[in-house]
Structures are given as C-alpha cells and as structure tokens.
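In what follows, a single structure is set out as structure tokens and then discussed.
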Amino acid sequence: MPRSGGDYVWTSRVLGPITGFATNFAYFIFLLAAAIGFVMFQFSGYFLSTAFQIQGALVNQPGLVSLGVWLGTPMMSFALGSAVLLAMLLISIFGLRLAKKFLGILTIITVVGTFAAIYLFATTTNQQFITEFNNYHSILGTTYQQVMTVAGQNGWSSVAPTMIGAFFPLVYTFNMYGGFNFQAYNAGEIKHVTRNLPLSIFIALGTGLVMWGALGYLVPVVLGHDFFQAINYLYFNNPTAYSAAVTQPPSLTLFIDIMSINNPALFWTIFIGFFCSYAAFILAYFQVLPRIIFSWSFDRVVSGGLSKVNEKLNTPVRALVLSFVLSELCVAIYSFSSWVFSFVNFTLIAGVVNIPWGLAGLLFPYMRKEMFDNAPSIVRKKVAGIPVISIIGLAVIIIGFFSVYFDLLTPAYSGPVGQEYIILTALPFIAPAAIYLVSKSYHKSHGIDLSLAFKQIPPE
C-alpha cells in the first residue's frame with residue numbers, strides 16, 4: 001500500500017482536517033491546471049511549433065515552417081498533449097519500478113540537453129551572437145540594433161541591475177523552481193527514507209541551481225543586457241509594435257536556433273533534451289497526483305474506492321486513471337477554451353498555500369507534542385532550544401505572505417486580482433470544506449467518526 005499525502009498529512013493532523021484538505025485540494029487544482037494542463041498545451045502549441053517554425057525559417061525549409069504552424073493548431077496541441085499523458089499513464093500503471101527507470105532515462109537526457117545549451121552559451125560571445133542575429137535580419141525582420149531602437153521609441157530605457165530588482169523576481173523563481181519536494185508525497189515507498197529523502201531533495205536542488213543558475217547568468221551576458229531588456233520589454237508591453245518589427249517571439253528556442261544553426265548535432269542534442277523534459281515533467285506529476293487522491297480516499301474524505309491498489313500491478317490504478325482524466329480535461333480547456341482559466345489566479349493559489357503549510361510546521365512540536373517526540377531524530381533537531389521545523393515553518397509563512405503581496409501588487413505577473421477574480425480564486429479553498437462536511441455527515445450516519453483518522457499518521 002502506498003504511503004501517501006505529503007503536505008495533506010501534516011497540515012490536516014496539525015491544523016485540522018478542513019484546513020489540511022482545503023489547502024491540499026487547492027494545490028491539487030493548481031498542479032492540474034497551471035502545471036500539467038498548461039505545460040502539455042505548451043508542448044506542441046509553443047515548444048514544438050516554435051522550434052520547427054524558427055528552424056525552418058533559418059534554413060529556408062518551408063516544409064518545416066508549415067509543420068510548425070500545424071503543430072501549433074489547437075487540435076494538434078490537444079492531440080500531442082494527450083498522447084504524452086496517455087504514455088505516462090501507462091508507464092505509471094505498470095508500477096513504480098518501471099516509472100523510476102523511465103524517469104531516470106528521461107532525466108539524464110534532459111540534463112545532457114541542458115548542459116549542451118549551457119555549453120552553447122558559454123562558448124558564444126556577445127559579438128558572435130550579434131553577427132549571427134544580423135545574418136538572419138531578412139528572416140527576423142530586424143537587426144540587433146533596430147530592436148533596441150524600436151523599443152526605445154516605445155518607452156524602453158536601459159535599466160542598470162539593482163538588488164531590489166533582483167529580489168522581487170525571487171517570487172517567480174520560488175513558484176517555478178518546484179518539484180524537488182514531491183518525494184514527500186510517496187515518502188513511505190522510499191527505502192532508508194530518513195537518509196535518501198533529504199539526499200534526493202538536496203541533489204535535485206543542487207543540480208537545478210547549477211543548470212538554471214548558469215543559464216540565468218549566461219543568457220543576458222551573451223545576448224547583451226540592453227538587448228535582453230529591450231526585446232522582452234517590447235514583446236510584453238507593446239505586442240503590436242513588436243510584431244511589426246520582429247517576426248519571431250523572444251524565446252530561448254529562437255536564440256538557441258540562431259547560435260546553433262551551423263552545428264546541427266548540438267542543436268538536436270538540446271532539442272531532444274528539452275523534448276524529454278516535458279515527458280519527465282508529466283511522469284513525475286503522475287507519481288504525485290494519484291497519491292494525493294489516495295490519501296484523501298484513505299481518510300474517507302472522498303470515495304474509499306479511489307485508495308484501492310491493484311493486487312497484480314501494486315499501483316493505485318483508479319487514482320491514476322482519475323488523474324489522467326482530470327489532466328485531459330485541463331489540456332482540452334487550454335487547447336480550445338483557454339479563457340476559462342483566465343478567471344482564476346493560479347499564481348495566487350500557489351502563494352497562499354505556503355501559509356498553512358508553514359503554520360503547520362511552526363506549530364507541530366507544540367500542538368502534536370507526542371507525534372513530535374516520536375518522530376525521527378532529524379525532525380526533532382533544535383537550535384537554541386527551538387525546533388528547527390518551527391524555524392523553517394516561520395520562514396515558509398513569511399515567504400507565503402510575501403508571495404501573496406507580490407502577486408496582488410503585480411497582476412501582470414500573477415494574473416487578475418479584481419474582486420470577482422479573487423472570489424473565483426477562493427473557490428478551490430471553499431469547495432473542499434463543503435466536501436469534507438458532507439463526507440463527515442455521511443459517515444457519521446453510518447456510525448463512523450471521520451475526525452478520528454486525523455488524530456494519527458496513516459500507517460505504513
């Protein structure tokens with residue numbers, strides 16, 4: 001039986017079942033819509049479409065351009081996104097060992113592709129990039145200098161880097177740089193968990209820091225800080241002026257294509273690496289979503305049938321299939337009616353959930369003292385008599401409040417923040433409270449006190 005739950009378990013056991021379920025349910029919706037649905041729509045509608053269109057234009061292959069346009073259609077975005085989801089579902093159904101092997105292979109290819117991109121930027125000078133960019137001015141519709149000229153005519157001016165300017169984007173980084181903590185959702189299935197779980201988290205964080213830190217530094221250096229500011233400013237602040245001046249959006253794909261056009265082996269290494277990153281992303285999420293559903297079901301908050309494990313495959317097939325169906329629905333909405341999701345500020349949800357998570361960590365040693373005293377030694381560590389988990393919990397609360405403040409302050413980043421949007425954004429927190437109360441009433445009528453399940457940790 002999978003030991004599941006992650007933040008749902010500790011939040012519901014410390015702050016109560018309604019808070020724990022509501023927080024986890026809202027985060028579940030965020031993962032479905034803002035992560036899986038959006039990423040799978042982007043897989044074909046943006047990544048594949050843009051890559052083939054740009055490559056075709058640069059090498060003068062109209063067939064590749066046409067293929068890219070076709071891949072960008074709503075039907076192809078849905079079809080290819082669905083194909084990846086189905087493949088990852090089947091891998092997950094046939095067991096954690098198979099999923100582990102595939103995830104390992106996909107991750108290695110992704111890392112190789114990312115380091116190939118780092119190599120490309122590390123071996124390209126700013127002057128070489130300018131030369132290559134200008135070589136394709138007839139295709140791109142502009143020259144390197146003209147980009148900054150047009151941006152200047154539309155209100156852009158060069159801004160020197162500042163500490164405060166570097167600080168505020170940390171919220172974006174915090175929201176995007178996730179996934180390293182997902183091991184907690186199936187921690188009970190990890191051997192030597194007190195050693196391997198922290199180790200895997202720090203390895204993931206370290207590898208990500210090296211890869212994305214290197215690219216984050218090299219990209220603006222190679223492109224030139226002013227050009228990097230100008231092209232993004234123009235694209236996001238005046239799309240009409242941008243479209244009139246430049247034929248392609250300012251994507252990493254565009255810059256990589258321009259720099260690797262004479263090195264096909266390097267281009268395809270990077271392309272395949274990025275391609276596999278999408279599959280690895282979905283396969284990882286298919287190990288998370290079913291275990292969230294499983295944990296709700298095991299506590300009888302939702303149907304008990306969803307926590308049944310197939311005896312032959314030893315996987316929660318029903319929870320996996322439900323995760324697939326809900327993911328399919330999100331991909332379909334993004335592909336054909338993306339406006340539906342424009343009414344909910346998913347970024348704000350991602351910020352809010354950190355507050356109860358941190359509060360549970362802060363209060364755990366004091367509200368669940370017996371659990372804390374019986375926890376592994378790593379959990380019971382103290383500094384100056386204060387539990388480390390409480391200190392970390394306080395830090396998470398501060399990050400959560402700052403994220404919410406930043407999201408409300410910058411709707412251009414987070415999404416709509418009007419009154420009606422905030423109400424709709426609150427629904428993923430309100431609905432689960434109603435679900436829990438209905439479930440509690442139903443089980444009480446059958447002689448079962450649902451609240452008793454939340455007084456202990458689920459068994460291994």
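What follows is calculated from the coordinates using simple rules that are stated; it is not laboratory data. Predicted model only: the values in this text are computed from it and were never measured. Virtual Cβ from ideal backbone geometry, glycine too; neighbours counted across all protein chains shown.
What to note about this one:
- Residue-averaged 222 nm ellipticity for the chain, from DSSP H runs of 4+ at -39500 (n - 2.57), nearest 500: -22000 deg cm²/dmol
- Relative to the longest principal axis of the Cα atoms of the chain, the long axis of helix 264-285 makes an angle of roughly 20 degrees.
- Full extension of the chain between L86 and V219 gives 44.4 nm of extra length, using 0.36 nm per residue less the Cα-Cα distance.
- Eligible lysines near K440 by straight Cα distance, threshold 17 Å, same-chain separation 8 or greater: K455
- Magnitude of the charge dipole for the chain, about its Cα centre and with charges confined to Cβ atoms of Lys, Arg (+1) and Asp, Glu (-1), is about 1540 debye.
- Candidate values [x] 0.99; [y] 1.10; [z] 1.05, label of the one derived for Rg/Rh (Cα atoms, Kirkwood Rh): [x]
- Residue (of G188, I292, Y436) at the positive-pole extreme of the chain, dipole from beta-carbon charges: G188
- Taking the chain and dividing mean pair separation by its residue count, relative contact order in percent (alpha carbons under 8 Å, at least six apart): 29
- Efficiency of FRET between S251 and S445 - r from beta-carbon atoms, R0 41 angstrom, step 0.05: 0.15
- Theoretical gain in end-to-end length, A375 to A241 [0.36 nm per residue, Cα-Cα removed]: 42.3 nm
- Anchor K369: aspartates and glutamates whose Cα lies under 20 Å away (excluding residues fewer than 8 positions away in-chain): D7
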